[in-house]
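The values are calculated or read from the model by the stated rules, or taken from the named source; none is laboratory data. Predicted model, so just to flag it, every value in this text is computed and none were measured. Every residue, glycine as well, gets a Cβ built from its backbone with ideal geometry; the counts of neighbours run over all protein chains shown. Side chains are part of the model used for accessible areas, which takes the heavy atoms of the whole protein and leaves out ligands, DNA and RNA. Shrake-Rupley method; radii C 1.70, N 1.55, O 1.52, S 1.80 Å.
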Amino acid sequence: AKYSSTGAAHGRARKYADAALGKKDKEELKAEINAKRNKDLLMSLGLLPLPAAKAEREEELLDRYQFIEKYKKESRQFGAQRRASEGRAAQLALRNLSVNAGFSDVTRLVLRMESKLVENAASCFDWQSVDGVELKIAVDENGKSAIQCRKDGKALKSVPARLKKNEQVVSLQEMNKALKDQYSRTKQMLEQAMEDRTPFEVWELRELFKNPVVAPILKPLLVMPEQGDQTKPSALGFLTEEGI
């Protein structure tokens with residue numbers, strides 16, 4: 001790359017190669033990305049080797065996914081041209097991460113990570129006591145989330161004004177907003193996946209079924225399993241927690 005590039009363009013190739021070969025430390029890489037908003041380093045983040053153990057691998061994927069999403073969210077403070085440039089870098093970073101993780105499509109990675117975020121925030125769906133009032137996030141049968149509030153066993157119409165700035169309440173409100181955004185994104189991604197005929201593994205769909213926001217979107221969808229014998233008509237069915 002050094003001798004076939006003009007100027008210092010070969011430096012970009014080195015960043016990707018060093019990441020793929022495991023020569024870069026993740027935390028140092030993240031610190032440099034934060035300090036310089038370097039797009040090449042962001043795109044190389046997904047190329048760092050992943051742990052072999054499944055549990056460690058999942059946590060590592062989630063950590064990198066959240067970092068890339070945070071980078072993309074922070075770009076909103078800049079002008080339109082820079083937002084577009086950084087947004088494209090974040091998109092490519094996710095693509096690199098999905099390929100590294102063995103996903104055939106970015107959509108599959110994103111859906112998996114979004115469900116993992118909900119799984120890690122399971123405590124938000126249980127009643128939490130805050131200064132004499134109990135709150136939790138509830139998801140209805142349509143996948144729509146809302147904050148429920150009660151005092152002495154009686155439901156309140158809204159969170160008391162005196163608790164609006166409470167740290168726990170703010171955290172619940174942020175999670176509730178994240179779930180609403182996740183519902184919209186998931187619906188769009190699944191529609192696109194259908195148009196693109198993106199195949200999913202059964203275990204992926206069963207994992208998504210555990211997500212209270214995603215499950216209502218999946219339930220009414222007809223699923224067609226892959227057929228070994230192409231001469232026979234493909235079976236159609238609805239997803240359940242056990243499979244199809």
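Annotations
- Within the range 1-21, residues that are touching a residue at least 12 places away in the same chain (Cβ under 8 Å) have Cβ atoms under 8 Å from residues that are surrounded by 15 or more Cβ atoms within 10 Å (Cβ to Cβ) and part of a loop (DSSP other than H, G, I, E, B) in these pairs: Tyr16/Leu47; Asp18/Lys24; Ala19/Leu47; Ala19/Leu48; Ala20/Leu47; Ala20/Leu48, counting only partners at least 6 apart in sequence or on another chain.
Conditions (1) surrounded by 18 or more Cβ atoms within 10 Å (Cβ to Cβ); (2) touching a residue at least 40 places away in the same chain (Cβ under 8 Å), marked per residue:
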residue: Leu29; (1), (2): yes, no
residue: Glu32; (1), (2): no, no
residue: Arg37; (1), (2): no, yes
residue: Ser44; (1), (2): yes, yes
residue: Asp63; (1), (2): no, no
residue: Lys73; (1), (2): no, no
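- When the criteria are applied in full, Leu111 fails the requirement of being open to solvent by less than 50 Å² (accessible area, probe 1.4 Å) and either aromatic (Phe, Trp, Tyr) or over 17 Å from Val213 (Cα atoms) (or both).
- Criterion applied to Ser104, Ser44 was being over 30 Å from Val169 (Cβ atoms), among the polar types (S, T, N, Q) and touching a Phe, Trp or Tyr at 6+ places or on another chain (Cβ under 6 Å), and the one residue passing it is Ser44.
- Odd one out for Lys151, checked against (1) out of contact with any Gly (no Cβ under 8 Å at 6 or more places or on another chain); (2) more than 28 Å from Ala55 (Cα to Cα): (1)
- Beta carbons closer than 8 Å, at least 6 apart along the sequence or on distinct chains, pair a first residue in the range 178-196 that is within 18 Å of Val118 (Cα to Cα) with a second that is basic (Lys, Arg) for Lys180/Lys144; Tyr183/Lys144.
- On inspection, Arg88 passes the criterion of being closer than 17 Å to Met43 by Cβ, over 14 Å from the mean Cα position of the chain (by Cα) and at pLDDT 90 or above.
- Selection within the range 1-27 - farther than 15 Å from Asp40 by Cα, at pLDDT 85 or above and open to solvent by 80 Å² or more (accessible area, probe 1.4 Å): Leu21, Lys23, Glu27
- Check on Lys154, at pLDDT below 90 and among the basic types (Lys, Arg): no
- Scope the range 46-57; condition of a type outside the set (Gly, Ala, Ser) and open to solvent by 20 Å² or more (accessible area, probe 1.4 Å); matching residues: Leu47, Pro49, Leu50, Pro51, Lys54, Glu56, Arg57
- Filtering the range 83-124 to residues that are acidic (Asp, Glu) and either in a strand (DSSP E or B) or under 23 Å from Pro49 (Cβ atoms) (or both) leaves only Asp105.
- Figure legend. Inter-residue proximity from the range 142-161: first residues more than 30 Å from Ile217 (Cβ to Cβ), second residues open to solvent by less than 60 Å² (accessible area, probe 1.4 Å) and in a loop (DSSP other than H, G, I, E, B), beta-carbon distance below 8 Å, spacing 6+ or different chains. Indicated pairs: Lys151/Gly132.
- Matching residues, the range 114-124, being surrounded by 19 or more Cβ atoms within 10 Å (Cβ to Cβ) and not β-branched (Val, Ile, Thr): Glu114, Ser115, Cys124
- Residues that are charged (D, E, K, R) and modelled with pLDDT under 85, drawn from the range 211-236: Glu226, Asp229, Lys232
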